[in-house]
Amino acid sequence: MSHHPAAAQPATAGRSGPLSGTVRIPGDKSISHRSFMFGALASGETRITGLLEGEDVLRTGEAMKAMGASIEKRGEEWVIHGVGNGCLLEPRAPLDFGNAGTGSRLTMGLVGTYDMETVFIGDASLSKRPMGRVLDPLRQMGVQVLESSPGDRMPIRLRGPRRAAPITYRVPMASAQVKSAVLLAGLNTPGVTTVIEPVMTRDHTEKMLQGFGAKLEVQTDEQGVRHIFIEGQGRLTGRTIAVPGDPSSAAFALVAALIVPGSDIVIENVLMNPTRTGLVATLLEMGARIDRLNPRSAGGEDVADLRVRSSELRGVAVPPERAPSMIDEYPVLAAAAAFAEGETVMEGVEELRVKESDRLSAVANGLKANGVDCDEGDSFLRVRGRPDGKGIGGGLVETHLDHRIAMSFLVMGLASEKKVTIDDRAMIATSFPQFMGLMRGIGAEID
């Protein structure tokens, strides 16, 4: 397995004039991954519009093609002819997921219970990420991990059982990826597989599987604990999907408009699923002027346009229980907090340490390198802001091959006294290939 990094491509952001205009964010990453997977597994034809065409999602598509699905782009639409549930073919070569943590973990669940061997590889960043949280429940279902790097890391070779065993699995941490991997493993397992989720995480897997015809039921007990039941070996049927805009990608333009004085923008077609709106809730508490326009339903999901105007932000304490609904947005929240009056406290964010990088340390180090006062602990970050941006900037940020670190610090540079430089922009293409052009289009000084 050879992954030779290309030469780094630094980028710099500087203080910008007011941001203005209307932007449309690429499709939601979580829904895009699942659209390819469930379309590949369904009988008949699935048609997708609005798909996020970033490298991560396209890697998932390639993996599905390697196991028998037909996937092609026709104009603005992606058309999938699926193999049918239970009918995936053994891939002839390792499945290379590049930097795609979601794609790889969900696919391990999807294929793990098939009576075949699959090998998973990834780039240098993905190969550092632990996969044990997904592999542990799969082992209980009869999946063998024939090979793995120390700590259940890639490359990983799985061998599925002749007949998988349904399990009842209580998710030990708030993780939509673990929950989804177990539910997907249950698709090819006889009987009923049950996932118990004490803290609700993004629920796209449940909603979309029901839309494709899976026999899936969700019950919430008096304590708010969710019990998700999926009946295996059922039939999935192709459907038409319009992917709404990704709130995690919208976060960058949103925060930029809040911190750059005089800004007034509209972000169209943003997914407003309640399990994904923690950042908006937090920013509103900080005094942000964010208006939901034209709220509507699209494909079973809540969608709205967001009008965002520059705001005088103040520090808040973000409750730990909000973390699952905004786990990917903490880096850009830290950029907003750098310009807020007082202290912003983020607790219960230890999950950030096992993302594309150790995001907690990467954010803290990037802030300190640019003159922002902050403290980092095992599971918290405290940021003390400077509303006028004085003394902020002038440093070089190490991105650690992490797209969200790169984009968050470029946003911070737009309101800083001095320019902010990141060591590499190349990996932004994994999740948001249009980022640079979109931000420049509303007036951002990024080069």
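The values are calculated or read from the model by the stated rules, or taken from the named source; none is laboratory data. Bear in mind that the values here come from a model prediction, so they are computed numbers and not experimental data. In this analysis, Cβ positions are derived from the backbone assuming ideal geometry, glycine residues included, and neighbour counts consider all displayed protein chains.
State which residue pairs qualify: first residue free of Cβ contacts under 8 Å to residues at least 40 places away in the same chain and of a type in the set (Ser, Thr, Tyr) and inside the stretch 354-367, second residue in a helix (DSSP H, G or I) and buried (at least 21 other Cβ atoms within 10 Å of the Cβ) in any location, beta carbons under 9 Å apart, and separation of 6 or more residues or different chains.
Close Cβ pairs (under 9 Å, with a partner that is in a helix (DSSP H, G or I) and buried (at least 21 other Cβ atoms within 10 Å of the Cβ)) amount to Ser361/Leu352.
Any residue in the stretch 127-143 that is closer than 17 Å to Ala93 by Cα and either in a loop (DSSP other than H, G, I, E, B) or in contact with a strand residue (DSSP E or B) (Cβ under 9 Å, 6 or more places away or on another chain) (or both)?
Looking for residues that are closer than 17 Å to Ala93 by Cα and either in a loop (DSSP other than H, G, I, E, B) or in contact with a strand residue (DSSP E or B) (Cβ under 9 Å, 6 or more places away or on another chain) (or both), one finds none in the stretch 127-143, hence no.
Looking at the stretch 214-233 only, could you name the residues that are under 25 Å from the mean Cα position of the chain (by Cα) and in a loop (DSSP other than H, G, I, E, B)?
Across the stretch 214-233, the qualifying residues are Ala214, Gly224, Val225.
For the stretch 17-44, what are the residues that are closer than 30 Å to Val308 by Cβ, surrounded by fewer than 23 Cβ atoms within 10 Å (Cβ to Cβ) and not β-branched (Val, Ile, Thr)?
Correct list: Gly17, Pro18, Ser20, Gly21, Arg24.
List the residue pairs whose Cβ atoms are under 7 Å apart, where the first residue sits in the stretch 326-350 and is among the hydroxyl-bearing types (Ser, Thr, Tyr), the second is at pLDDT 95 or above and part of a strand (DSSP E or B), and the two are 6 or more positions apart or on different chains.
From residues that are among the hydroxyl-bearing types (Ser, Thr, Tyr), the pairs are Tyr330/Met346; Thr344/Val383.
State all residues of the stretch 319-338 that are more than 20 Å from the chain's Cα centre (by Cα), farther than 23 Å from Asp264 by Cβ and hydrophobic (A, V, I, L, M, F, W, C); if no residue qualifies, say none.
none
Quick one: which residue in Leu401, Leu381, Leu410 is aliphatic (A, V, I, L, M), at negative phi and not in a strand (DSSP E or B)?
Leu410
Do we find that Ala364 is buried (at least 24 other Cβ atoms within 10 Å of the Cβ) and not in a loop (DSSP other than H, G, I, E, B) in this structure?
No; evaluated as a whole, the condition is false for this residue.
Within the stretch 433-447, does at least one residue satisfy the condition of being in contact with a strand residue (DSSP E or B) (Cβ under 6 Å, 6 or more places away or on another chain), over 21 Å from Ser20 (Cα atoms) and either not hydroxyl-bearing (Ser, Thr, Tyr) or not assigned by TED's automatic domain parsing to the domain that holds Ile265 (or both)?
No, there is no match, as no residue in the stretch 433-447 is in contact with a strand residue (DSSP E or B) (Cβ under 6 Å, 6 or more places away or on another chain), over 21 Å from Ser20 (Cα atoms) and either not hydroxyl-bearing (Ser, Thr, Tyr) or not assigned by TED's automatic domain parsing to the domain that holds Ile265 (or both).
Please name all residue pairs, on different chains or six or more residues apart, with Cβ atoms under 8 Å, provided the first residue is in the stretch 111-122 and is within 17 Å of Gly86 (Cβ to Cβ) and the second residue is among the β-branched types (Val, Ile, Thr) and assigned to a loop (DSSP other than H, G, I, E, B).
If the second residue must be among the β-branched types (Val, Ile, Thr) and assigned to a loop (DSSP other than H, G, I, E, B), the pairs left are Gly112/Val143; Thr113/Val143; Thr113/Thr189.
Report whether or not Thr205 is among the hydroxyl-bearing types (Ser, Thr, Tyr), in contact (Cβ under 8 Å) with a residue 24 or more places away in the chain, in a strand (DSSP E or B) and crowded, with 24+ Cβ neighbours inside 10 Å.
For Thr205, the condition - among the hydroxyl-bearing types (Ser, Thr, Tyr), in contact (Cβ under 8 Å) with a residue 24 or more places away in the chain, in a strand (DSSP E or B) and crowded, with 24+ Cβ neighbours inside 10 Å - is not met.
Looking only at the stretch 294-316, which residues are closer than 26 Å to Thr102 by Cβ and assigned to a loop (DSSP other than H, G, I, E, B)?
Once the filter is applied, which keeps residues that are closer than 26 Å to Thr102 by Cβ and assigned to a loop (DSSP other than H, G, I, E, B), the stretch 294-316 yields Gly299, Gly300.
Name the single residue that is surrounded by the fewest Cβ atoms within 10 Å (Cβ to Cβ) among those in the stretch 63-79 being under 20 Å from Pro26 (Cα atoms) and in contact (Cβ under 8 Å) with a residue 12 or more places away in the chain.
If we take residues in the stretch 63-79 being under 20 Å from Pro26 (Cα atoms) and in contact (Cβ under 8 Å) with a residue 12 or more places away in the chain, then Glu76 is surrounded by the fewest Cβ atoms within 10 Å (Cβ to Cβ).
State yes or no: is Gly68 of a type outside the set (Lys, Arg), touching a Leu at 6+ places or on another chain (Cβ under 9 Å) and under 22 Å from Thr237 (Cα atoms)?
When the stated conditions are applied, Gly68 passes them.
Among the residues of the stretch 189-200, are any touching a strand residue (DSSP E or B) at 6+ places or on another chain (Cβ under 7 Å), touching a residue at least 12 places away in the same chain (Cβ under 8 Å) and under 14 Å from Leu110 (Cα atoms)?
Within the stretch 189-200, one or more residues are touching a strand residue (DSSP E or B) at 6+ places or on another chain (Cβ under 7 Å), touching a residue at least 12 places away in the same chain (Cβ under 8 Å) and under 14 Å from Leu110 (Cα atoms).
Of the numbered conditions (1) touching a residue at least 24 places away in the same chain (Cβ under 8 Å); (2) under 22 Å from the mean Cα position of the chain (by Cα), Gly160 satisfies every one except a single condition; which is it?
(2)
Yes/no per residue for (1) in the same structural domain as Arg425 (by TED's automatic domain parsing); (2) farther than 24 Å from Ala8 by Cα; (3) of a type in the set (D, E, K, R); (4) surrounded by 21 or more Cβ atoms within 10 Å (Cβ to Cβ):
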| site | (1), (2), (3), (4) |
| --- | --- |
| Ser325 | yes, yes, no, yes |
| Tyr330 | yes, yes, no, yes |
| Arg353 | yes, no, yes, no |
| Asn370 | yes, no, no, yes |
| Gly393 | yes, no, no, yes |
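Working only within the stretch 317-353, note down all residues that are outside any helix (DSSP H, G or I) and polar (S, T, N, Q).
Thr344 - this is the single residue of the stretch 317-353 that is outside any helix (DSSP H, G or I) and polar (S, T, N, Q).
Name the strands (runs of 3 or more DSSP E) wholly inside the stretch 1-106 in which the number of residues that are under 20 Å from Met427 (Cα atoms) is 1 or more.
The qualifying strands (runs of 3 or more DSSP E) are 11-14.
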